[in-house]
Amino acid sequence: MAEAATTIKTIGIIGAGQMGSGIAHVAALAGYDVYLADLDQAALDRATGVIDKNLSRQVKSGKVKETDKAAAEKRIKTGTAFDRFKDCDVVIEAATENEAVKREIYRKLVPNLKPSAIVASNTSSISITRLAASTDRPGKFIGMHFMNPVPVMTLVELIRGIATDETTFAAVRELAVKLGKTPVAAEDFPAFIVNRILLPMINEAVYTLYEGVGSVEAIDTAMKLGANHPMGPLELADFIGLDTCLAVMQVLYEGLADSKYRPCPLLVKYVEAGWLGRKAGRGFYDYHGDKPVPTR
């Protein structure tokens, strides 16, 4: 098992958004060669800028040496071509939380992989068994769910599909540890551990707002001071992205068929309006001014 784990030298990452760029950052810093791919060259350019900014912040705080930052940035290659995944030992898919999009990615990816390559999905809620079945290697497929922001958050959920080999699990577990993360094993049920608990809490906070129990500010202040949460649930929803919150709630609702997971109509309405949180400049707060202002 240890032998399988030590062969990981080159990591491919698909998706240059918040998660993909964060995974590239920690992987390069841990000494791995990284190929970060996205269909959109502008997204790749943004990602390299974000990685540079975040590494600079770590240098400033004394967590990373300037020489290590330079070495890490050299290890990251970017591009739009899938044929460059042929040299990768592990490919981590960090695309949008949409099953059809992920399946299309695997369709293009699989012909470009060497037989020994492991495929990991950073999905936060979709069935690993189902995703694995759409590839040619269900035994070498696993869920590797990083938390956002990846350079700061130490947890990684590892999710075996029904067909995941023990050697695949051991190799990816060791990889997570080498990336400086703490892995926890989660069973392949909708939303796994963290989001199974966290997203219904956020959804309930939206219901509390929807029913007029409290204002945005009252709800967030209450949970920060009353439950010692570092961020209120509505502020956190804006940080995650309301579209992502809704997608996870829909997976829970459809996958577990329990009315307690029904997405709040107000959450649906905000997503329909394009008020997706911080990334859109408006969600439960408006981010256009110097400081966020509640929208309700």
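The values are calculated or read from the model by the stated rules, or taken from the named source; none is laboratory data. Please read all numbers here as calculations on a predicted model, not as lab measurements. Reconstructed Cβ throughout: ideal geometry from the backbone, glycine too, with neighbour counts over all protein chains shown.
Before moving on, here are some points about what is shown:
- Residue match in the range 160-171 (condition: without any contact (Cβ under 8 Å) to a residue 60 or more places away in the chain, in a helix (DSSP H, G or I) and surrounded by fewer than 23 Cβ atoms within 10 Å (Cβ to Cβ)): yes
- Any chance residue 164 is among the hydroxyl-bearing types (Ser, Thr, Tyr), assigned by TED's automatic domain parsing to the domain that holds residue 20 and in contact with a Pro (Cβ under 9 Å, 6 or more places away or on another chain): yes
- Within the range 261-288, residues that are assigned to a helix (DSSP H, G or I) sit with their Cβ atoms under 7 Å from residues that are among the β-branched types (Val, Ile, Thr) and at pLDDT 95 or above, at 6+ positions apart or across chains, in these pairs: 266/206; 267/206.
- Set side by side, the residues 194, 184, 251 differ, and just one is free of Cβ contacts under 8 Å to residues at least 40 places away in the same chain and either surrounded by fewer than 21 Cβ atoms within 10 Å (Cβ to Cβ) or under 20 Å from residue 127 (Cα atoms) (or both), which is 184.
- Per-region count, the range 38-62, residues assigned to a helix (DSSP H, G or I) and farther than 17 Å from residue 81 by Cβ: 13
- From the options 34, 64, 90, residue that is farther than 25 Å from residue 140 by Cα, among the β-branched types (Val, Ile, Thr) and surrounded by 17 or more Cβ atoms within 10 Å (Cβ to Cβ): 64
- Within the option set 202, 219, being over 17 Å from the mean Cα position of the chain (by Cα) and within 19 Å of residue 123 (Cβ to Cβ) holds for one residue only, 202.
- Any hit, the range 99-112, residues being assigned to a loop (DSSP other than H, G, I, E, B) and not assigned by TED's automatic domain parsing to the domain that holds residue 241: no
- Test for residue 135: is it among the polar types (S, T, N, Q), in a loop (DSSP other than H, G, I, E, B) and surrounded by fewer than 22 Cβ atoms within 10 Å (Cβ to Cβ): yes
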